[in-house]
Amino acid sequence: MRRLSTHDAVIIGAGPAGSSAALTLARRGWAVAIVEKSAFPRRKVCGEYVSASNIALLDHLEIGDAWRANAGPEIRRVGFFSGETCVEAPMPGAKYGPPAKDGFGRALGRDVLDALLLQAARSAGVEIFQPCRAVAIDRDGDMQSVHIQARDDNSADETTLRAPVIVAAHGSWEPGPLPSQIEKTNRPWDLLGFKAHFTGSSLAPDLMPLLAFPGGYGGMVLADHGRLSISCCIRRDMLARLRGNHGSSRDGPKQDGQASAADAVLRHLMASSRGVSDALDGARRDGPWLAAGPIRPGIRACYEEDIFRVGNAAGESHPIIAEGISMALQSGWLLATELAGAPSGRAGREAAGRRYQAAWRKLFSMRVYAAAAIARMAIGPGGAALMGAAVRIFPQSLTLGAHISGKTRPITGLT
């Protein structure tokens, strides 16, 4: 059985980038469909911190109040944990709203944030296909056809969504058959991502420390409902070495290779950082460890053949600067505003694509380059010790780093 549906835009992926684009286009009168492979709510490998520079955009998307009601405490201090080093400095405040209002970022679990955004998109009239996977994209004259299948359906049933605009918001961590997805090969220096929630931690509620340890980096932040969100990236070869050294898990029988890998990562984090060990002393894990990757930081083409990329599909910074959600939300909005104001027809879409790419690079390229430089230092031989020595001498470098990463840069053009 085949079903055909026509829209102005089809968006593949319902994370912050895809939902931001869908909401903005739908409220400009576009007929929009979202294809999302996972059932919500679902957790993701993500640091979950949302910079204060995004709050005006969340208000514009009409989920600002819900975000405020659910998010964790304001993050007013940035820190650095590595070895015996535990240093902190003020988080720079963003210039949004009246004094002392919404000047600092907060963290919200992706299981909550993504559901809020998708519900807002549904209320705005976006048609949701979930859980469904996009299996192919074909050119059909001035239109394109996205072929989708229900995620749990092994039958021959298929739905085809036709639209002149396709938005790739599927991230970059998973290879696949779509022309917008990235081919990947395994390399020893690949960075793999891990994430878990804990309850009962002793981390100060207003502190977000950067974690530097041999072979990787990470971060911790207190999110919603008292959950500590801890996430990290670690080199593939370091992970293999750790798993060989640690052997079987002391927490119980291995369920799969991913679980034993996460156990080795946690042991490494706690052994490499007094700050992490102290924060997790007596804490309990809330739900399973998640793993994904490898990450592929860098700037990619934002537009090719009427397929537009947002979020990590367009470009990805090392998560070391905690700006992934910011870049996702803002890139979706940037693209949608350019498309909504463009003349109809392919020439109009191409012009919108060029403007979007220029705006994307102006807003995000510095973050990508700065994150790459910091990550190279953190992961390199002796890098964590060198960074620790630097921040002990000059703690204000942490505040400066938060500025450079874009946490205080306001979004212009919201109406």
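What follows draws every value from the coordinates through simple rules; no lab data is involved. Note that this is a predicted model, so its numbers are computed, not measured. No Cβ is skipped: glycine too gets one built from the backbone with ideal geometry, and neighbour counts run over all protein chains shown.
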Quiz item: N186 label point, 7 Å along Cα→Cβ, cut-off 20 Å on backbone N: hits in the stretch 195-219?
Solution: 195, 215-216
Quiz prompt | Fraction in percent of alpha-carbon pairs per bin - 5 Å, the stretch 266-355 | solution = 3, 11, 15, 15, 13, 11, 9, 7, 5, 5, 4, 1, 0
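I'd like the projected area of the chain, averaged over all directions, using the convex hull of its alpha carbons. Report it in nm² with one decimal.
In nm², the orientation-averaged hull projection of the chain is 19.6.
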Quiz prompt | Ellipticity estimate at 222 nm from DSSP helix runs (n ≥ 4, -39,500 (n - 2.57)) divided over the chain, nearest 500 | solution = -11000 deg cm²/dmol
Practice problem: Could you work out which residue, out of G353, G311, G345, moves most in a Gaussian network model of the chain, that is, has the largest mean-square fluctuation with Cα springs under 10 Å? | Solution: G345
Quiz prompt | Helix axis angle, 16-26 relative to the chain longest principal axis, alpha carbon, degrees | solution = 30
Quiz item: For the stretch 8-135, which semi-axes, largest first and in whole Å, follow from the square roots of 5 times the eigenvalues of its Cα gyration tensor?
Solution: 31, 19, 11
Quiz item: In the P(r) worked out for the stretch 345-415, what percent of Cα pairs fall beyond 16 Å?
Solution: 64
Self-check item: Part-to-part distance (alpha-carbon centres) for the stretch 7-36 and the stretch 185-203, which is given in Å
Solution: 30
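Just need the relative contact order of the chain here, percent rounded to a whole number, with Cα pairs under 8 Å and 6+ apart.
For the chain, the relative contact order is 24 percent.
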Exercise. Could you state the angle between the C-alpha long axis of helix 110-123 and the longest principal axis of the C-alpha atoms of the chain, as a value from 0 to 90 degrees rounded to the nearest 10?
Key: 20
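How large is the Rg to Rh ratio of the stretch 175-327 when both quantities use alpha carbon positions and Rh follows Kirkwood?
Answer for the stretch 175-327: 1.00.
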Quiz item: For the residue pair T412 and I393, what label-to-label distance in nm results when each label sits 7 Å from Cα along the Cα-to-beta-carbon direction?
Solution: 3.7
Self-check item: the chain: angle of helix 324-340 to the longest principal axis, Cα-based, in degrees nearest 10
Solution: 20
Quiz item: Under unit Cβ charges (Lys, Arg +1; Asp, Glu -1), what dipole magnitude, rounded to 20 debye, does the chain have relative to its Cα centre?
Solution: 780
Quiz item: Which percent of Cα-Cα pairs in the stretch 104-226 sits in each 10 Å bin, short to long?
Solution: 9, 26, 29, 23, 11, 1
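Can you order the peptides 75-87, 218-230 by their average number of other Cβ atoms within 10 Å per residue, highest first? Spell out each step's value before the answer.
On the way: 75-87: 21.2, 218-230: 23.3.
Ranked by mean Cβ neighbours within 10 Å, highest first: 218-230, 75-87.
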Practice problem: Quickly rank 300-306, 23-29 as a protection proxy: mean count of other C-beta atoms within 10 Å, highest first. | Solution: 23-29, 300-306
